[in-house]
Amino acid sequence: MNILLCVGVIGIAVAISIPLGRWMFYVMCPSQETRFEKLLQKTIGKYSQKDQNWKQYGLALMLFNLLMFTFVWMVLSLQHDLPLNPDGQEGISSDLIYNTVASFTTNTNLQHYSGESTLSYCSQIFGLMWLQFVSAATGLATVTAVARWLGNTKFPNNFYCDLGRATFGILLPLATIVALLLVLCGIPMTFEGAAVIQTLEGVTQTIARGPVAAFVSIKQLGTNGGGFFGPNSTHPLENVNFYSNLVETLSMIIIPMACVWLFGYITNRKAHVRIIFSVMLAFLVVKLGLAVYWEQAPTPALEGLAVTQNANLEGKELRFGAVQSPLWATFTTCTSNGSVNSMHSSLNPLTSLIPLAGMWLNTTFGGIGVGFLGLFAYIVVAVFISGMMVGRTPEYLGKKVETREMKMAIPMLLLHPLCILLGVAIFCVIPSWGRDTVLNSGPHGFTEILYEFTSASANNGSGFEGLGDNTVPWNIATGIVMLLGRFIPILISLAIAGSLFAKKEVPETIGTLKTDTPLFGVVLMGTLVFIGALLFLPVAVLGPIAEHFGLIGW
């Protein structure tokens, strides 16, 4: 039954992603000027007419994100004076505002606060929910532009048009459908303040509520992950039952999957993307299988008690159990979503390796658009290494991959571990910053610090908990890591695509390395495994692996 559930969820997601990818292609690269296109260009005005090169596209992207950052900073700073604040939420410290705005601008949604007790409805909707739309649209626009350059298409690249197409043509319609499904499941959608009720014991209780369904729909679809409530999707009003859990689980992965098909439609390399999709799917299946298997073991804390024959239910909602929880944990960290329906800190030590590995590689479908761009750097490296092994100038999609592209791809790959490992080292050395903020000592406490920086750098946003992260050092450090981990890879991907676009197309010969064969899939998988293992195996040994062997008495 457990296997059938996992296979069924993955099968449904794949089945939805194929037509969704084609529909996304029609929206992002329309063959004719539709009413939607005319309205979009009329709204944007003169800025919609220009065909931008990669530098102009990147500059427009950065300027828009800076505008987003500034606007939402103002909303959060003034929330106590703005309307839609029925619960009378007060102002927020500047370091927490910085961390929150950086988090939602970068599509990370790492939350060092509890939404229902910190933010007004105005801040949640016009600040954070708006960012969840446009930050996801930024990633989708970027992968579309990269695909157009790599595919040598004649379709003009314009960031503002791509952003509008992604936001209003894809994300908003899908979010409306998912929000309606969640309302039918029983998730609240109201602008009334918290409900004050009398319990059966005669105690007065205040129950937070709000426009939850709308917020949760884009939180899942946009690989955002930011919860309306502090406990995220473990909260009964954010994830009420099996059906809402199924809708939310599928929502977090269908667009990242569809982005792969979108790339294939734009570049007209469908066989190539089938190999890429198969590689991503293989990693997802392996991670999911290991997570479910390892979580069937009882928690070591209950060793010797009468319940030790049961699966690990610590930190889990019983309505989801020991299968739907690791299923969600795998999906949320493979797709850079970051929402949770269980406490990752309570996962068995080896199981906790799966979320960490998903964020370390950050290429198993990943966030909207940027997940494929993360794999793009590995593809460039794999093509270059393969070409050098056979003594031939490597080529990708008909363009020569030379030293210039490698000089950009390698820093892109090294930035991720640098942000994680440097941050962990600094916070482990300075007790007041890191060691004094962890709940647990030893390997588990080390993993709490490691997980936080991994989540920030991967723009994931999930937390290992047990960490007092709402401090000035944590807010500033993770804010910096989130901004670096988001925008530097995007700009480098645009630069590589622009560099390849400027080159003459090389005709395919008998010596050309084919990127649409199972052999290339194996080479790509090997590149991912070896680079990932070399970069992160030492910290994996110091954290979850050391904790596992410590608990079994080794």
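For the reader, a short list of remarks on this structure follows.
- Full-stretch length increase - VAL472, LYS154 - with 0.36 nm per residue and alpha-carbon distance subtracted: 109.6 nm
- Environment charge of ALA329, counting only residues whose C-beta is closer than 11 Å and scoring Lys/Arg +1, Asp/Glu -1: +1
- Order of exposure, largest accessible area first, which applies to LYS50, LYS504 with probe 1.4 Å: LYS504, LYS50
- Extending 7 Å from Cα along the Cβ direction at VAL14 and again at ILE177 yields two label points whose distance is 2.0 nm.
- Applying a DSSP loop filter and a limit of 15 other Cβ atoms within 10 Å to the GluC sites (Glu not before Pro) in the range 465-554 leaves GLU505, GLU508.
- Given R0 = 45 Å, the distance between the Cβ atoms of LEU66 and TYR243 translates into a calculated FRET efficiency of 0.65.
- Solvent-accessible ranking of ILE488, ILE255, largest area first, probe 1.4 Å: ILE488, ILE255
- Extension gain, ASP87 to LEU414: 0.36 nm times the residue separation minus the Cα-Cα distance gives 113.2 nm.
- Rounded to the nearest 500, the helix-only mean residue ellipticity at 222 nm of the chain stands at -19500 deg cm²/dmol, with each DSSP H run of n ≥ 4 adding -39,500 (n - 2.57).
- With a 1.4 Å probe rolled over the protein heavy atoms of all chains, the accessible area of THR199, THR509, THR204 falls in the order THR204, THR509, THR199, largest first.
- THR206 - accessible surface, heavy atoms, 1.4 Å probe, Å² rounded to 10: 100 Å²
- Accessible area (Å², 1.4 Å probe, nearest 10) - LEU347: 10 Å²
- Among SER120, ASN107, THR43 - extreme Cα towards positive end, dipole of the chain, charges at beta-carbon: THR43
- Sulfur and carbon atoms: percent of accessible area, the chain [1.4 Å]: 68 percent
- Classified by the C-alpha gyration tensor, the chain has an oblate form. Its axis ratio a/c, with a ≥ b ≥ c, is 1.5 or above, and a/b does not exceed b/c.
- Within-15-Å neighbourhood charge of PRO86 [Cβ basis; K, R +1; D, E -1]: -4
- Cross-link partners of LYS219 among aspartates and glutamates (Cα-Cα below 19 Å; sequence separation of 8 or more within a chain): GLU116, GLU238, GLU248
- Residue pairs, from the table LYS55/LYS514; LYS50/LYS154; LYS407/LYS504, whose Cα atoms sit over 23 Å apart: LYS55/LYS514
- Annotation: GLU33 carries an accessible surface of approximately 110 Å², with a 1.4 Å probe and no ligand, DNA or RNA atoms counted.
The values are calculated or read from the model by the stated rules, or taken from the named source; none is laboratory data. Quantities reported herein were computed from a predicted structural model and do not represent experimental measurements. A quick note on method: Cβ atoms are made from the backbone with ideal geometry, for glycine too, and the neighbour counts reach across all protein chains shown. Calculation scope for accessible area: heavy atoms of the full protein, side chains included, ligands and nucleic acids excluded. Shrake-Rupley method; radii C 1.70, N 1.55, O 1.52, S 1.80 Å.
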